[in-house]
1. Testing residue 165 on (1) surrounded by fewer than 24 Cβ atoms within 10 Å (Cβ to Cβ); (2) within 11 Å of the ligand (Cβ to nearest atom), one condition comes back false. Which one is that?
2. Check off (1) small (Gly, Ala, Ser); (2) at pLDDT below 95; (3) surrounded by fewer than 18 Cβ atoms within 10 Å (Cβ to Cβ) for residue 417 and give me the number that stays unchecked.
3. Being β-branched (Val, Ile, Thr) and open to solvent by less than 30 Å² (accessible area, probe 1.4 Å) is the filter; apply it to segment 291-340 and report the residue that is nearest to the ligand (Cβ to nearest atom).
4. Could you tell me whether any residue of segment 355-367 is closer than 14 Å to residue 407 by Cα and within 13 Å of the ligand (Cβ to nearest atom)?
5. Restricting to strands (runs of 3 or more DSSP E) lying wholly in segment 272-364: which have 2 or more residues that are under 19 Å from residue 253 (Cα atoms)?
6. Quick test of your reading of the structure: residue 406 fulfils all but one of (1) buried (at least 17 other Cβ atoms within 10 Å of the Cβ); (2) over 22 Å from residue 265 (Cβ atoms); (3) not hydrophobic (A, V, I, L, M, F, W, C). Name the failing condition by number.
Amino acid sequence: MAKPTITELRAACRGQVVTREDPDYEFARKVYNGMIDRHPQIVVRAVDVADVIAAVDYTRGNELGLSVRGGSHSVPGFGTNDDGVVIDLSPMKGIRVDAASRSVRAEGGCTWGDFFHATHAFGLATTGGIVSTTGIGGLTLGGGIGYLTRGHGLSIDNLLSADVVTADGRSVVASERENEDLFWALRGGGGNFGVVTSFEYRLHPVKDVMVGLFFFELSAARQILEFYREYIATAPEQMGAFFAFQIAPPLPFIPEKRHGETFCLIVACWAGPLERGEEALQAIRKAGPVAAELVAPMPFPALNSAFDALLPPGLQHYWKASFATAISDGAIAAHVQHGPNVPVVNSTMHIYPINGACSRVPAGATAFAYRDAQFATVIAGMWPNPADNERNVRWVKDYYAAVRPHSESGGYVNFMAGDDQERIRDNYKGNYERLVAIKEKYDPGNLFHLNQNIRPS
Ligand SMILES: Cc1cc2nc3c(=O)[nH]c(=O)nc-3n(C[C@H](O)[C@H](O)[C@H](O)COP(=O)(O)OP(=O)(O)OC[C@H]3O[C@@H](n4cnc5c(N)ncnc54)[C@H](O)[C@@H]3O)c2cc1C
């Protein structure tokens, strides 16, 4: 069969088809992680499913590499490549809330900011990321951890269906009733199985939440970690709270003379009845010496964009991640040794709880296998100056090496680095072989390989 030409691709697309001669090329080729500097042949800025089909057919027909990009937050930079094709879904931001059935359908280019903006108007939300600029696409397909995980599960636990363009250029529905195997694989298997052009999610009544940002004295880090592991095991499931090491940014509620100092934090989101929020946060406030705090009700989308200013596009990113079934004393010792060395204000280490509703889903029910883990840890190196790469990458690697013996062998695919491909099998534990079989069925040629790749057998 004749290979599709670029002229045919342009004729088939309503969205922009950007090539190297195009004035928009420099912008179009870039992703969020400033460390990634790649030059694809073509970026298709898809506006609809037909554009996606045309781009998939073109790429397959010309045997090129393919990146699929939604919010562009992939830390390994899977959203761009050298000499291949990029399908950029960011123009596809259609979103429709069905308040009566408490569900929403959102196109693959939506960010969590777009998503919560739309659902908040109806007093509804579901589990999404903690930063508004992250895409719903990549985040959901890897699992989806956020403030609402303990109460409502991962993002994938709220996924009702997906429209998917598969490697052979067909658009299919994946749900509990249609293409069930594909639906199973999409829920945690990342971008391995096709281009999801729209996602349908279950929503929950979440509108305004009580937020608690507690900056504890660093000298109490051990005590706060010991408190956190006990507290979060049994806290009401309306409480989403993660532990962090963080350099204090110049925020008005932090005494000015302490800006730039390192603290340990608990960031809490109470999504239960607002009038019980202050009381619910009391236990956290009493955990140790508080140097600064912000306790306030706020619209859920406001919390979702609270960290955006710290994380502009273009920072250098290098991350490492692991799951843990418990925070052992050994893990605490490793955190207390390395967390306080966080090099810059943008970098951080977060321990997210994934107990509660998330851990009630059986390990084989979706591709996301670590349902027995209680925590997802990420050491997120993020810094502005490429000249500092060595120092910052070293901090992440040393920290990870210290935590690793106290962690599970697998980690959350969405928090992992490009050099973590050898851990893929570990990430999926007992679900790996089934994922390989589904990959073989839907993408035997591994068209979708620029991701944490599950190879066909
Ligand atoms: C600042 C920041 C904050 C984060 N916070 C969280 C958080 O709170 N919770 C959490 O769980 N994760 C979080 N993450 C990790 C995040 O889940 C991953 O980086 C994820 O890949 C981002 O998705 P994206 O669509 O923005 O990225 P992209 O780079 O656009 O996509 C990443 C990969 O996902 C696949 N993909 C994306 N969209 C589609 C689609 N529609 N169809 C098929 N494949 C697709 C592709 O393989 C693509 O290469 C965060 C990341 C960053 C950088």
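1. (1)
2. The failed condition is (3).
3. 327
4. No, segment 355-367 contains no residue that is closer than 14 Å to residue 407 by Cα and within 13 Å of the ligand (Cβ to nearest atom).
5. Numbers: elements: 290-299, 316-324, 348-353.
Passing ranges, in order: 290-299.
6. Single failed check for residue 406: (2).
Table: residues versus (1) free of Cβ contacts under 8 Å to residues at least 24 places away in the same chain; (2) of a type in the set (S, T, N, Q); (3) more than 22 Å from residue 136 (Cβ to Cβ); (4) within 13 Å of the ligand (Cβ to nearest atom).
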{"position": "176", "(1), (2), (3), (4)": "yes, no, no, no"}
{"position": "186", "(1), (2), (3), (4)": "no, no, no, yes"}
{"position": "190", "(1), (2), (3), (4)": "no, no, no, yes"}
{"position": "201", "(1), (2), (3), (4)": "no, no, no, no"}
{"position": "207", "(1), (2), (3), (4)": "no, no, no, no"}
{"position": "222", "(1), (2), (3), (4)": "no, no, yes, no"}
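Residue-wise test of (1) part of a helix (DSSP H, G or I); (2) β-branched (Val, Ile, Thr).
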position	(1), (2)
28	yes, no
44	no, yes
71	no, no
81	no, no
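The values are calculated or read from the model by the stated rules, or taken from the named source; none is laboratory data. All values derive from a computational prediction rather than experimental measurement. Neighbour counts run over all protein chains shown; Cβ positions are idealised from the backbone, glycine included. Note: accessible area is taken over every heavy atom of the protein model, side chains too, but ligands, DNA and RNA are not part of it. Shrake-Rupley method; radii C 1.70, N 1.55, O 1.52, S 1.80 Å.
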